[in-house]
Every structure is written in C-alpha cells, then in structure tokens.
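Single-structure report; data block below.
The values are calculated or read from the model by the stated rules, or taken from the named source; none is laboratory data. This is a predicted model, so every value here is computed, not measured. FYI the Cβ positions are ideal-geometry reconstructions off the backbone, even for glycines, and counts take in every protein chain you see. Remember, those area values only see protein heavy atoms, side chains included, never the ligands or the DNA or RNA. Shrake-Rupley method; radii C 1.70, N 1.55, O 1.52, S 1.80 Å.
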Amino acid sequence: MARITLDKLAHSYLAAPKSDEDYALKQIDLDWEDGGAYALLGPSGCGKTTLLNIISGLLTPSAGNVLFDGQPVTQLSPEARNIAQVFQFPVIYDTMTVAENLAFPLRNRGVDKREIEQRVNDMLSTLDLTDKARRRAAGLTADEKQKISLGRGLVRHDVNAILFDEPLTVIDPHMKWQLRTRLKELHEQFEHTMIYVTHDQTEALTFADKVVVMYEGEIVQIGTPEELFDEPAHTFVGYFIGSPGMNILPAELQGSTLISANASFQLQRNYPVLDASHVELGIRPEFVRVESASAKQSDSPSLPYAITSVENIGRHRIIRGSVAGHALDAILPEGKDVPSEAVAVFDESHINVYSDSHLVKPRA
Ligand code: ADP
Ligand code: MG
C-alpha cells in the first residue's frame with residue numbers, strides 16, 4: 001500500500017500543445033493518502049481515465065511526476081508499480097475457468113498453492129460465483145464477466161493501490177448496489193488505497209470517504225460528501241452534486257449584504273471586499289422555503305416565486321420556477337402544499353458566495 005503523490009502533473013494527447021484547451025489534464029497536484037477510499041467524480045470527458053492511466057503507468061504524463069511513498073515511479077511500467085486496475089469492460093481470459101481467472105494474478109506473483117485456493121474461494125463467495133467456479137468464462141453473461149474482472153483486481157493483497165474505472169457500468173442496478181457495498185467492506189478489511197472513478201454522484205458518495213471532483217481537466221474540490229454538499233468550492237460542484245443541484249444566481253456583495261434577485265440578504269458572516277466582477281449567490285434547493293405570499297413575512301426577504309413545475313419524487317417534491325427571471329429550484333418537504341401564489345425564502349445561514357465561480361471564504 002502506498003501514499004500516491006501527483007506532482008505538477010499535466011497531460012496533452014497532442015504532440016505540440018499550445019493553449020490550455022489542448023490539455024486533457026491541466027496542472028494537478030494531489031496527495032492520495034495511504035489506505036484512503038477515494039472516488040474520482042466528474043462528467044464524461046473531464047479527464048478521469050487519463051488521470052487513472054497515468055497513476056497506473058499505462059500512460060506517461062506530458063509533464064510532472066507520480067510518486068509512491070515519495071519515490072518517483074513516472075518511468076516505471078504498470079507491473080513494476082504493483083497496481084491492480086479494473087476497467088469499464090471485462091478483461092478476462094475466456095478459455096480459462098472462473099476460478100483459474102481469479103487465481104491467475106496470484107500464480108503470477110508466486111503465491112503459494114494453498115493460499116491461492118483459499119483466496120480464490122473467498123473471492124468466489126464474495127462475488128456470488130461459487131457455483132460457477134469450474135465454468136469456462138466464455139459462456140458467462142457480461143455481468144458475470146465483469147464480476148470476474150473485479151475479482152482479479154481484488155484478489156491480491158500486496159498491491160500498492162486498486163484503481164477502478166467505472167467498473168459497474170455493465171452491471172445491473174441491483175447487483176451494482178450489492179457490489180459497491182462489498183467493495184466498501186473489502187476496503188475496511190484490507191485498507192488498500194482505492195480510487196474509484198465514476199460520473200455517478202450516488203456511486204461516489206456511497207463508496208468514498210473522500211471525493212475528488214474533476215472538471216475540464218482540473219481538480220476543483222476534494223472533500224467528504226458533507227463538505228461537497230455544504231460548501232461546494234466551485235459552482236460546478238454545487239451544480240453537479242445534489243439533485244437538483246445548487247441554485248446559482250447573479251449577485252452583488254456590499255459588506256455582509258448580498259444583493260440578488262432584487263432583494264438584500266444579510267449574510268451571517270463577514271466577507272472580504274471582492275475585486276472580481278463576477279459574483280454569484282449559491283443556495284441549495286433544500287434551503288429554499290416555499291411559502292404562500294399571504295403568509296406572515298419572515299425576517300429574510302420573500303421573493304415572488306413563479307412556479308413552472310412540480311415533480312413528485314416519493315418523499316418530497318421538487319419545485320421548479322424562477323425569481324426575478326432567474327431559474328430557482330426548491331424542495332418541498334412531505335405534507336406541505338404548493339401555494340397558489342408563492343414566495344421563496346432563503347435560509348440565509350446556507351447562502352454561499354462565489355466569485356468567478358470559486359467559493360469565497362468568509363473572514364474568520
Ligand atoms: P473521462 O474518463 O473523464 O471521460 P478521458 O480521460 O477519457 O475522460 O478524456 C479526457 C479528454 O481527453 C477528452 O477530451 C478525450 O476526448 C481526450 N482523450 C482521451 N483519450 C484520448 C486519446 N487516446 N487520444 C486523444 N484524445 C484523448
Ligand atoms: Mg473514462
């Protein structure tokens with residue numbers, strides 16, 4: 001197991017990159033702690049696979065270094081780095097049986113026979129494949145083949161890290177949930193450094209202790225699921241995490257007063273003077289109350305709320321609409337009615353301020 005350091009890493013697939021846009025990865029500096037369970041989350045095309053392949057050694061970065069426990073490994077092959085990688089689609093030997101496929105990485109490493117048998121049997125039962133152990137892999141379903149791929153990644157205990165690149169894409173939804181839970185258990189048992197790539201926030205938030213959010217070749221935030229929810233460091237994180245995502249409204253900051261949607265909000269904390277011109281207010285739909293316009297007014301401003309749709313999603317409802325011409329989503333808790341003439345009231349303690357898309361930290 002190892003702590004993995006990315007030092008001024010950048011990558012372009014072009015031979016002679018010129019501008020920022022030519023880079024699949026812009027500058028990345030990051031430490032993955034030894035034994036951490038990480039999710040690498042971001043939309044398709046943001047550079048997740050590129051980053052994973054650079055860590056495993058399938059790809060050499062255009063600039064910067066990869067270090068394991070402080071030792072540079074940038075020039076080492078994947079084998080020499082001792083990393084297990086599980087890909088989006090099955091990588092198995094069709095002519096071997098299920099058990100042989102699982103034993104293969106161990107045989108390669110010269111693990112003793114009885115130990116191999118033990119570990120293969122454990123893995124077969126973890127993956128619910130015990131009754132298929134002697135079957136040839138060729139005849140199995142895509143689901144089952146991908147489970148073998150996962151098993152081949154998980155069967156070794158001596159690896160520096162296990163990397164998963166959207167490994168559950170081809171697995172059916174119920175099994176997905178089961179396997180994710182198993183992965184979490186295996187992490188707790190063996191404490192491997194695990195990096196789990198996904199574009200699905202639910203997958204990221206349930207698997208990981210820490211989520212690394214990528215956007216357009218950059219890492220925009222590293223945090224616990226709670227941190228990503230409460231204080232998104234970038235408007236993209238606010239929008240990407242949560243369903244629906246954070247509301248973002250144009251705003252103007254004057255001391256601790258934030259002006260937005262024709263109203264003044266009293267912020268609970270003091271903010272520095274911003275020289276940037278592009279200021280925005282961020283508030284999650286969970287912290288937008290939908291009230292009747294005729295109800296008793298609260299201390300915070302009531303914004304006339306033009307509701308355009310109401311979606312029932314089980315326990316609560318999602319309200320979509322606009323304030324002063326800006327889109328605004330709200331979550332209506334169970335048992336509350338949709339007012340015919342509505343106002344939106346923001347919980348001012350949950351307002352975030354953004355300057356040029358980055359979170360502005362209040363002064364201590
Ligand atoms: P993700 O895994 O997050 O979907 P990728 O790392 O696969 O993103 O891709 C990042 C960017 O690099 C994309 O713009 C993609 O088109 C480009 N890219 C990926 N692989 C290659 C390649 N082999 N050659 C050229 N461009 C590539
Ligand atoms: Mg990918």
For this session: Confirm whether Glu79 is among the acidic types (Asp, Glu), at pLDDT below 95, assigned by TED's automatic domain parsing to the domain that holds Lys147 and more than 15 Å from ligand 1 (Cβ to nearest atom).
Result: yes
For this session: Out of Ala99, Ala80, Ala84, report the one residue that is crowded, with 21+ Cβ neighbours inside 10 Å and without any contact (Cβ under 8 Å) to a residue 60 or more places away in the chain.
Result: Ala99
For this session: With respect to Asn82, determine if the residue is over 18 Å from Ala24 (Cβ atoms) and within 25 Å of the chain's Cα centre (by Cα).
Result: yes
For this session: Taking the residues in the range 242-274 that are over 30 Å from the mean Cα position of the chain (by Cα) and β-branched (Val, Ile, Thr) as candidates, determine which candidate is most open to solvent (accessible area, probe 1.4 Å).
Result: Val273
For this session: Confirm whether Arg134 is among the basic types (Lys, Arg), assigned by TED's automatic domain parsing to the domain that holds Leu30 and part of a helix (DSSP H, G or I).
Result: no
Exercise. Of the conditions (1) open to solvent by 30 Å² or more (accessible area, probe 1.4 Å); (2) in a strand (DSSP E or B); (3) closer than 27 Å to Leu253 by Cβ, Arg363 fails just one. Which one is it?
Worked result: (2)
Exercise. How many residues, within the range 299-332, are on the phi > 0 side of the Ramachandran plot and without any contact (Cβ under 8 Å) to a residue 12 or more places away in the chain?
Worked result: 2
Exercise. Filter the range 275-303 for residues that are of a type in the set (Lys, Arg) and in contact with a strand residue (DSSP E or B) (Cβ under 8 Å, 6 or more places away or on another chain); which is least open to solvent (accessible area, probe 1.4 Å)?
Worked result: Arg284
For this session: Take the range 309-349 and flag every residue that is touching a strand residue (DSSP E or B) at 6+ places or on another chain (Cβ under 6 Å) and in a helix (DSSP H, G or I).
Result: Glu348
Exercise. In the range 41-55, is there at least one residue being farther than 19 Å from Glu203 by Cα and more than 9 Å from ligand 1 (Cβ to nearest atom)?
Worked result: yes
Exercise. So which residues in the range 157-185 are open to solvent by 30 Å² or more (accessible area, probe 1.4 Å) and under 19 Å from Ile4 (Cβ atoms), if there are any at all?
Worked result: His157, Asp158, Asn160
Seminar exercise, completed: Pro72 passes all but one of the listed conditions (1) under 25 Å from the mean Cα position of the chain (by Cα); (2) open to solvent by 40 Å² or more (accessible area, probe 1.4 Å); the exception is number (1)
For this session: Could you please give the count of residues in the range 1-48 that are within 26 Å of His187 (Cα to Cα) and touching a Pro at 6+ places or on another chain (Cβ under 8 Å)?
Result: 0
Seminar exercise, completed: Here the residues within the range 28-49 that are within 17 Å of Ala84 (Cα to Cα), open to solvent by less than 40 Å² (accessible area, probe 1.4 Å) and either without any contact (Cβ under 8 Å) to a residue 40 or more places away in the chain or more than 16 Å from ligand 2 (Cβ to nearest atom) (or both) are Trp32, Gly35, Gly36, Ala37
Seminar exercise, completed: Here the residues within the range 1-40 that are touching a His at 6+ places or on another chain (Cβ under 8 Å) and more than 11 Å from ligand 1 (Cβ to nearest atom) are Met1, Gly35, Ala37
